[in-house]
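See structure below.
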Amino acid sequence: PTSICPVQENVLQRVLQLPVVSSTCETLQRKYSSTKESHPLMASVCEVYERGVQGAGALAMWGMEPVVRRLEPQFAVANNLACRGLDHLEEKIPALQYPVDK
């Protein structure tokens with residue numbers, strides 16, 4: 001692993017790409033979808049919640065944009081430090097490279 005994340009990659013993307021994390025997310029997504037399919041009332045509640053979260057997320061991103069732009073150099077430094085930490089974890093904990101069922 002490299003000690004500095006490539007420009008287009010960030011530590012969150014790297015974490016989400018770890019097999020242990022991605023397989024957990026896939027399992028949770030399947031459970032969520034099957035619950036929505038088997039319980040119509042739950043599906044309608046979930047859809048309202050999903051729309052609310054999307055709207056709130058968009059509003060938060062719009063409001064945070066000036067702050068994020070101003071703090072971009074600090075975020076880049078923090079991202080690089082976090083990537084180095086992730087490199088270390090990937091070396092020390094090989095299980096991160098396996099799906100949850102393994």
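The values are calculated or read from the model by the stated rules, or taken from the named source; none is laboratory data. Just so you know, these numbers come straight off a predicted model, no measurement behind them. So basically every Cβ, Gly included, is an ideal-geometry build from the backbone, and we count neighbours across all protein chains shown. Heavy atoms of the whole protein, side chains included, go into the accessibility calculation; ligands, DNA and RNA do not. Shrake-Rupley method; radii C 1.70, N 1.55, O 1.52, S 1.80 Å.
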Might you tell me the accessible area per residue for the chain, computed with a 1.4 Å probe and given in Å²?
78 Å²
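Where Lys and Arg each count +1 and Asp and Glu each count -1, what net charge lies around Ser38 among other residues with Cβ under 13 Å from its Cβ? Working shown, then result.
On the way: positive: Arg30, Lys31, Lys36; negative: Glu37.
Around Ser38, the surrounding residues sum to +2.
So if each residue of separation counts as 0.36 nm, and I subtract the Cα-Cα distance between Gln97 and Phe75, what length gain in nm does that give?
On the way: separation 22, 0.36 × 22 = 7.92 nm, distance 2.62 nm.
Full extension of this stretch gives 5.3 nm more.
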On a 0 to 90° scale, report how tilted helix 40-70 is relative to the longest principal axis of the chain, with both axes built from alpha carbons and the result rounded to the nearest 10.
30 degrees
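For Cys25 and Val48 in one chain, what is 0.36 nm times their gap in residues minus the Cα-Cα distance, to one decimal in nm?
On the way: separation 23, 0.36 × 23 = 8.28 nm, distance 2.13 nm.
Residue separation times 0.36 nm, minus the Cα-Cα distance, leaves 6.1 nm.
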In whole Hz, what ³J(HN,Hα) sequence does the range 78-85 give by Karplus (6.51, -1.76, 1.60; θ = phi - 60°), x for Gly and Pro?
4, 4, 5, 5, 5, 5, 4, x
Can you send over the carbon and sulfur percentage of the accessible area for the chain, probe radius 1.4 Å, protein chains only?
66 percent
Once every DSSP H run of n ≥ 4 in the chain is given -39500 (n - 2.57) and the sum is divided by its residues, what mean residue ellipticity at 222 nm do you get, rounded to the nearest 500 deg cm²/dmol?
-26500 deg cm²/dmol
